[in-house]
1. What's the total number of residues in segment 51-108 that are under 15 Å from S146 (Cβ atoms) and in a helix (DSSP H, G or I)?
2. Can you tell me which of Q69, Q73, Q87 is loosely packed, with under 10 Cβ neighbours inside 10 Å and modelled with pLDDT of 90 or more?
3. Kindly establish whether R123 is among the basic types (K, R) and either crowded, with 16+ Cβ neighbours inside 10 Å or touching a His at 6+ places or on another chain (Cβ under 8 Å) (or both).
Amino acid sequence: MRMARAVVGIGLLGLLSAPAALAAPACAAPLAVARALFEAGTSARFLDTPDALLAPGFARVIAAERDCQQREQGICRLDHDPWLDGQDGEVDAEPGYRWRAQSPAAGTVEVRFPVWGEPHLTRLAMRRQADSCWRLEDLVTHRGQSMRALLARPFP
């Protein structure tokens with residue numbers, strides 16, 4: 001009987017603590033956001049990254065580039081895949097992630113992965129937003145190109 005009560009007690013404790021665990025959004029951890037960004041960015045176009053993963057200012061310049069490419073029916077500012085840092089390539093293995101905090105509300109996730117056997121390092125500048133979610137402020141390519149700076153340039 002004691003054993004049955006103990007099992008029921010543990011089960012109830014688990015049920016009571018589950019809502020708290022489920023309430024924590026995935027955006028509460030920078031590495032979780034980085035993983036979602038990598039998956040979204042390598043399975044589709046970088047410009048189709050979900051806005052929920054992006055800081056508002058970065059979301060605006062990405063939306064402006066998408067609109068420009070649709071209007072111009074071609075390339076505007078971005079002519080390559082920022083994750084691959086080129087027009088061609090293939091990610092050969094699962095990426096590794098490393099968090100480097102600069103402050104309690106800002107930091108960089110380093111994403112390391114091979115492209116056609118060559119090591120690549122992409123840096124994701126992250127900032128905690130007012131809703132406590134971490135979002136992407138900028139993606140810096142393997143060659144050091146800031147996507148935010150590139151996309152903020154005026155289009156001729």
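The values are calculated or read from the model by the stated rules, or taken from the named source; none is laboratory data. Note that the structure is a prediction, hence the values are computed from the model and not measured. Because the Cβ atoms are built from the backbone with ideal geometry, glycine has one as well, and the counts that use them run over all protein chains shown.
1. The first filter runs over segment 51-108 and keeps only residues under 15 Å from S146 (Cβ atoms), leaving 54-55, 57-58, 61-62, 65, 77-78, 80, 82-83, 85, 108.
Subsequent filtering for residues that are in a helix (DSSP H, G or I) retains 57-58, 61-62, 65.
Of the residues in segment 51-108, 5 are under 15 Å from S146 (Cβ atoms) and in a helix (DSSP H, G or I).
2. Values: Q69 fails: loosely packed, with under 10 Cβ neighbours inside 10 Å; Q87 fails: modelled with pLDDT of 90 or more.
Just a single option satisfies the conditions, and that option is Q73.
3. Details: among the basic types (K, R): yes; either crowded, with 16+ Cβ neighbours inside 10 Å or touching a His at 6+ places or on another chain (Cβ under 8 Å) (or both): yes.
Judged against the criteria, R123 is a match.
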